[in-house]
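Throughout, read-outs are computed from the coordinates displayed, never taken from laboratory work. Nothing here was measured: the structure is a model prediction, and the numbers come from that model. So basically every Cβ, Gly included, is an ideal-geometry build from the backbone, and we count neighbours across all protein chains shown.
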Amino acid sequence: MECLVSYFINFFNEPSPRWAIFSRVLAATFGGYALATSSALFISQLLSSSAGRYQAIHIGLLLSFLVYACAAMWVFSASNATKAWIGLIKWNLAFLFGTWLLMQFSGASH
Amino acid sequence: MKDNFRQSMKWFHTWVGLSVGWILFFMFLTGTLGYFYQEITRWMEPERPFIEHNLSNEQLITTAQTYLQKNAQGIDKWDIYLPTVRNQNLRVGWRNPPEDGKKRGRYKTTVLDITTGEKVESRATGGGRLLYRMHYRLHYLSTKISYWIVGFCAMLMLLAVVTGVVIHKKIFTDFFTFRAKKGLIGWLDIHNVLSVIALPFHFMITYSGLLFFLFTYMALSTNLQTNEDEYREMRKEIFPRTIHTDSANQAAAMQDLSSLYQQAKNTWKKDELSAIEVFAANDINAQVRFIRHETDITYNPNDYVRVNAITSEVIEQTPREYTVAGMIHNGFYSLHEGQFAGPLARWIYFLTGLIGTAMIASGLILWTTKRKPKQLKKLNGPDFGYRLVEQLNIGTIVGLPIAIAMYFYANRLLPVSMVGRVDWEANVMFISWALLLIYPAFRPATKAWREQLQLAALVYIALPLINALTTDKHLVNSLSQQDWGFAAFDLTFFTVGCCFAFSAYKYKTLQPKKVVSRKKRRQDNTLDNDNRLQLPRISKENG
């Protein structure tokens, strides 16, 4: 038990690079999920006129796992954790902005 | 993360794989067994007769209907499952009225003896269904929690597969590279070959696994885009299904199901009935659905003929069309479950599943093999993390197969009249696994590996023996009756046992060799020669 406790104390010992890794894990998990969702919104807006609204949503969902995977990989390849977070936020905003733009064109209420 | 993309991905691959490797191993192994779940259930209900018959579907349907009329009065929906190549028994099923405080009653299937039309009494067992359901419905956890855990692990598996491809420079050459007996490099080659050999399968099974709970995992996206009614409408478009036919509470005599079956035959031009569903049985609203066999991945689950059971007119006979995305989604389900597979394809599924399981195991072993030389040189012994991984490796990679064997032992050895027998079969399995996870903590790793491998060999080789002692379906009987289901079980158990015995033997012979060739290693001080250093030798050198 003692070795277990000391192990975890050492694990999160500041200023170790482990905090940076922890930050990346959070970025990949939650930031990645946000990106998967925003990309799904974008894709469904993009396709809704050609594939029908529900099918477009469905396609967006089907692809979201792949987006999630790419996002997570990107988070862990960025040179530092801050860059990873900033990159995720940028892409999220880009997708949301794209969705908004498409909505203006199609005049959809959603 | 690291200097370049490939290095970062290598790091990522290692840790993604390690963090949930053991759960993935569990999911892959129990899921792989699921390809034979019907066969496993049959093995676990040895009281069921082995039948060879030439009865027509009409005769079987009549037998089932007679039984249901007698025993399922007042039940709204009846199911009849016709014998298939995989399951020669005629079965009927229905959901009992819910017990107090429960939303849904228990679903119960009954095996019928096709000659007498009576129920076949067999022992209570979870069967293959309980075993394969564990791979997504983690046994003791609630449905919701297990779906999320399974989804998280599957997502990391997807990442491991994709990063695994990325870090591979020479995916083709590596396939033909095998440098056995070289410690680390040997394990790396094994891991590579196992990954590459079934790469499409690994990707398909992981991605399709995620799709099963797509709408649970990606609920945020649908919630943002649809309200409740729209969501329901969307689901209906994606998975078109007939709405349940409610009874009007007005009794009416149904036609013979066997004569109604003629309607389905006319539509199909072939006799390929798989199951029958009766809605609102013995009611004025009664309807019958004749369902066809699943033949390939383009199979439409709505491929049925719906007939009014009172007037015998056909209500619906052309399956509802899916959207393209729905077809793809459904195709992935089919690929994942492999229900369409014939015997050969089923074995291929089973073997590729085992390759996936072995790939995960080799990756986990690779992690410790790589760190072994450095860890063993530490003055205070290996790190806690290293020891934990090694212990979990032994307890899972060898421990889980033993635990699954214990599930089969429990089926044969627990008293047939025992209360809560179904639960205890699974409890025995998980208790054994827990013990085998703890055991390596008290033994040196090399000994724990060897002992558990020996134990695994013993339990699997003894399984056919236990089967012969507790039932009359031993190998001689099953072979002479050409009961391939039972024969295959005994032979597979024996083969698996022999594989474990071989691993135990190999493990034993590989260990001391390295100590003997100490001199040679000194002369040739390369990395991979350094990987199998033994603990006592190093401590001598250090001290």
Mean residue ellipticity at 222 nm from the helices of chain B, using -39,500 (n - 2.57) per DSSP H segment of n ≥ 4 over the full residue count, to the nearest 500 deg cm²/dmol? -19000 deg cm²/dmol
Compute the long axis of helix B:399-413 from its Cα atoms, compare it with the longest principal axis of the Cα atoms of chain B, and write down the angle in degrees, 0 to 90, nearest 10. 40
Any idea what the alpha-carbon Rg over 2.2 N^0.38 Å comes to for region A:21-106? 1.14
What is the fewest-to-most order of B:LYS270, B:LYS377, B:LYS265 by other Cβ atoms lying within 10 Å of their Cβ? B:LYS270, B:LYS377, B:LYS265
Expressed in nanometres to one decimal, the distance between label points 7 Å along Cα→Cβ at A:LEU66 and A:ARG18 is 3.8
Check which residues have an amide H placed less than 5 Å from B:SER274's amide H, if you skip close sequence neighbours. B:ILE291, B:ARG292, B:HIS293
Sort all Cα-Cα distances of the protein assembly as shown into consecutive 10 angstrom bins from zero, then give the percent of pairs in each bin up to the one containing the longest distance. 3, 13, 21, 24, 19, 13, 6, 2, 0, 0
I need the GluC sites (Glu not before Pro) found in region B:52-102, filtered to DSSP loop residues with at most 16 other beta carbons within 10 Å of theirs. B:GLU52, B:GLU99
Output for region B:1-34: trypsin sites (Lys or Arg not before Pro) sitting in coil per DSSP, at most 16 other Cβ within 10 Å, listed by number, reads B:LYS2
Karplus-derived HN-Hα couplings along region B:344-351 (A = 6.51, B = -1.76, C = 1.60, θ = phi - 60°), whole Hz, x at Gly and Pro: 5, 4, 5, 5, 5, 4, 4, 5
Around B:LYS70, with a cut-off of 11 angstrom between Cβ atoms, what is the net charge of the other residues, counting Lys and Arg +1 and Asp and Glu -1? 0
Arrange B:PHE350, B:PHE152 by Cβ neighbour counts within 10 Å, fewest through most, would you? B:PHE152, B:PHE350
For the pair B:VAL85 and B:GLU121, the simple spin-label estimate (label points 7 Å beyond Cα toward Cβ) gives in nm 3.5
Taking θ = phi - 60°, what integer Hz values does the Karplus form 6.51 cos²θ - 1.76 cosθ + 1.60 yield along region B:429-442, in sequence order, with x for Gly and Pro? 4, 6, 5, 4, 4, 4, 4, 6, 6, 7, 3, x, 5, 9
Quote the relative contact order of chain B in percent (integer), defining contacts as alpha-carbon pairs under 8 Å separated by 6+ residues. 16
Which pairs, out of B:LYS236/B:LYS269; B:LYS77/B:LYS119; B:LYS447/B:LYS508; B:LYS70/B:LYS119; B:LYS10/B:LYS508; B:LYS10/B:LYS374, put more than 21 Å between their alpha-carbon atoms? B:LYS236/B:LYS269; B:LYS10/B:LYS508
Sequence of B:GLU121, B:GLU337 once ranked by neighbouring C-beta atoms within 10 Å, starting from the fewest: B:GLU121, B:GLU337
Which whole-Hz couplings ³J(HN,Hα) result when phi for each residue of region B:68-79 is put into the Karplus expression 6.51 cos²θ - 1.76 cosθ + 1.60, θ = phi - 60°, listed in order with x for Gly and Pro? 5, 4, 7, 10, 10, 5, x, 8, 6, 10, 10, 10
For the protein assembly as shown, what is the charge dipole size about the Cα centre, in debye to the nearest 20, if Lys and Arg each add +1 at the Cβ and Asp and Glu each add -1 at the Cβ? 3760
Potential extension, B:PHE239-B:GLN317 segment - 0.36 nm per residue separation minus Cα distance: 26.3 nm
